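A.B. asks: First, the structure itself, so that you have it in front of you.
The values are calculated or read from the model by the stated rules, or taken from the named source; none is laboratory data. All figures in this text were calculated on a predicted structure; none of them were measured in a lab. FYI the Cβ positions are ideal-geometry reconstructions off the backbone, even for glycines, and counts take in every protein chain you see. Each accessible area value is taken on the protein alone, full model and side chains, heavy atoms only, with ligands, DNA and RNA left out. Shrake-Rupley method; radii C 1.70, N 1.55, O 1.52, S 1.80 Å.
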Amino acid sequence: MADDLFSADGAARPRTGKEPPDFRAEAALAARVGGGLVAGVDEAGRGPLAGPVVAAAVVFAEPADAPPGITDSKKLTKPRREALAEAIKARAAAWAVAEAGVDEIDRINILAAAMAAMARAVKALDPAPAGCLIDGNRVPEGLVCPAEALVKGDARSVSVAAASILAKVERDRIMAALDAAEPAYGWARNAGYGVPAHLEALRLVGPSVHHRRSFRPVADVIAAKLSTSN
């Protein structure tokens with residue numbers, strides 16, 4: 001861990017907001033829980049109209065173990081995300097991915113499903129972390145360790161950013177596989193988001209079993225088809 005991140009007494013220096021992700025938040029949480037490994041946790045896929053929401057959790061034993069270039073997955077090209085995902089898996093002390101499917105999303109809502117997926121990812125870590133940093137402003141229920149929410153965590157914490165990369169890459173792979181079976185919607189290109197081409201295909205073809213029926217655009221198409229059939 002870079003010396004300039006910490007003061008002489010070992011306390012993490014405050015961020016200015018302009019630095020790349022670092023390990024200050026991990027060090028601060030580790031100190032508060034009495035030491036041990038700290039996981040970063042993030043999810044991908046809250047906004048799309050189709051497919052699961054995917055969460056990931058990542059633990060680095062030492063800051064030097066983190067591959068260089070880790071940052072918020074949204075700032076990376078697809079090839080760079082995929083290369084970093086493989087490097088993260090190879091160098092992390094532990095990592096895990098988990099998901100919540102469309103049926104669960106429709107049953108309990110997308111926020112609750114995302115929280116459930118994150119809790120599953122943390123539970124799957126081996127070794128279990130002493131604490132975890134959750135991207136955003138909420139902490140999932142039922143975690144196996146103490147946790148703190150970290151707003152914009154994927155821009156502040158290397159571990160959270162690494163989790164954002166794994167979650168995004170895994171979800172893109174899932175959507176590409178679904179696209180092979182349901183090519184009309186262009187999921188390999190749009191990952192299930194409501195881009196114009198996807199909305200047009202949804203209107204013309206109708207929803208698939210992989211669409212989130214609780215989401216307004218999908219529900220509107222279902223309602224319109226029901227009204228015309230009556």
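A.B. asks: Tell me the volume per residue, in Å³, of the convex hull enclosing the alpha carbons of the chain. Let's see the in-between values first.
C.D. replies: Details: hull volume 27.7 nm³, N = 230.
Cα convex hull per residue, to the nearest whole number: 121 Å³.
A.B. asks: So which of Lys168/Lys225; Lys78/Lys225; Lys18/Lys168 end up more than 29 Å apart, counting from Cα to Cα?
C.D. replies: Details: Lys168/Lys225 33 Å; Lys78/Lys225 36 Å; Lys18/Lys168 24 Å.
Check vs 29 Å cut-off fails for Lys168/Lys225; Lys78/Lys225.
A.B. asks: Compute a Gaussian network model of the chain, connecting alpha carbons closer than 10 Å, and tell me which residue from Leu166, Leu204, Leu178 fluctuates the most.
C.D. replies: Leu204
A.B. asks: What is the distance, in nm, between label points placed 7 Å from the Cα along the Cα-to-Cβ direction at Ala64 and at Ala180?
C.D. replies: 4.1 nm
A.B. asks: Search the structure for amide H atoms under 5 Å from the amide H of Ala96, placed 1.01 Å from N in the peptide plane, and list their residues when 5 or more places away or on another chain.
C.D. replies: Correct list: Ala57.
A.B. asks: Further, regarding this structure: About its Cα centre, what dipole magnitude does the chain give when the only charges are +1 on Lys and Arg Cβ and -1 on Asp and Glu Cβ, stated in debye to the nearest 20?
C.D. replies: Details: 28 positive and 28 negative charges, 126 e Å.
Here the size comes out at about 600 debye.
A.B. asks: Right, next: Ordered by residue, what ³J(HN,Hα) values in Hz, to whole numbers, does the stretch 162-167 give under the Karplus form 6.51 cos²θ - 1.76 cosθ + 1.60, where θ = phi - 60° and Gly and Pro are x?
C.D. replies: Ordered by residue, 3J(HN,Hα) equals 4, 5, 4, 5, 4, 5 Hz.
A.B. asks: With every protein chain left in place, what is the accessible area per residue of the chain in square angstrom, probe 1.4 Å?
C.D. replies: Working: 10960 Å² over 230 residues.
Here the per-residue accessible area is 48 Å².
A.B. asks: Can you give the relative contact order of the chain as a percent, counting alpha carbon pairs under 8 Å and 6+ residues apart?
C.D. replies: Numbers: 450 pairs, mean separation 59.3, N = 230.
RCO, the chain: 26 percent.
A.B. asks: Let me ask something additional. For the stretch 82-230, with the dipole built from +1 on Lys and Arg beta-carbon atoms and -1 on Asp and Glu ones, taken about the Cα centre, which of Cys132, Ala116, Ser214 lies farthest toward the positive end?
C.D. replies: Positive-most Cα among the choices belongs to Ser214.
A.B. asks: Sticking with this one: Sequence-distant or interchain residues sharing an amide H contact under 5 Å with Ser157, placed H: which?
C.D. replies: Placed amide hydrogens put Asp22 under 5 Å from Ser157.
A.B. asks: Quick one: which residues, 5 or more positions from Lys152 or on another chain, have an amide H under 5 Å from its amide H? H modelled 1.01 Å from N in the peptide plane, none for Pro or chain starts.
C.D. replies: The list, which skips near neighbours in sequence, is Gly136.
A.B. asks: For the chain, what is the percent of antiparallel DSSP beta bridges, rounded to the nearest 5? Mind showing how you got there, number by number?
C.D. replies: On the way: 15 of 24 bridges.
Just about 60 percent of them are antiparallel.
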